[in-house]
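The values are calculated or read from the model by the stated rules, or taken from the named source; none is laboratory data. As the structure is a prediction and not an experimental result, all values here were calculated from the model. We place every Cβ from the backbone using ideal geometry, glycine too, and count neighbours over all the protein chains shown.
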């Protein structure tokens, strides 16, 4: 019984210390200051485990290799994702340097389709990743996942070609496919 009281007291004191630390405002939450190593490790583990846990039960659709699905995803990606996740031939964008943590460069890495679907649909708190599921249906999100699987294999010219062929979509907002790749990105892509 005495051990239980000591354990409960330690838990209460630990909780009180964390509450005082949070309330103090001591920790710099500014995006221009990196997290301390322990905080970064905790947040990265929390993010990765949370996504993996929620994505594990997602069933993959059978049409992720369908060229029409990939083409639709190319247009979506060009309109909504290149500012943060880049396009082939882009080294940076106007927004990326100000983002912390830095979004992954999806032109250079393979993605797990289940995790990608979950992240695109639900977003990630306290990052720049929005929850696209509030404005896009699952089929559109899966088309983006289908395109992401192909993206790391594309050259800048192939990327421009696939985006130019992508079907128009009402979900894309004010930008059309002819202007989906910003001029700076297109210029950068021409040089690689």
Residue 10: passes all of (1) surrounded by 10 or more Cβ atoms within 10 Å (Cβ to Cβ); (2) without any contact (Cβ under 8 Å) to a residue 60 or more places away in the chain; (3) assigned by TED's automatic domain parsing to the domain that holds residue 154 but (3)
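Okay, residues lined up against (1) modelled with pLDDT of 95 or more; (2) farther than 23 Å from residue 58 by Cα; (3) more than 15 Å from the chain's Cα centre (by Cα):
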site	(1), (2), (3)
82	yes, yes, no
129	yes, no, no
150	yes, no, yes
156	yes, yes, yes
Which residue pairs have Cβ atoms under 7 Å apart, sit 6 or more places apart or on different chains, and have a first residue in segment 154-169 that is in the same structural domain as residue 66 (by TED's automatic domain parsing) and a second that is modelled with pLDDT under 95 and part of a loop (DSSP other than H, G, I, E, B)?
156/192; 160/181; 163/180; 163/181; 168/176
Go through (1) within 28 Å of residue 113 (Cα to Cα); (2) surrounded by fewer than 14 Cβ atoms within 10 Å (Cβ to Cβ); (3) in contact (Cβ under 8 Å) with a residue 40 or more places away in the chain one by one and return the number of the condition residue 34 breaks.
(1)
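From 42, 16, grab the single residue that is loosely packed, with under 11 Cβ neighbours inside 10 Å, more than 27 Å from residue 142 (Cα to Cα) and not assigned by TED's automatic domain parsing to the domain that holds residue 112.
16
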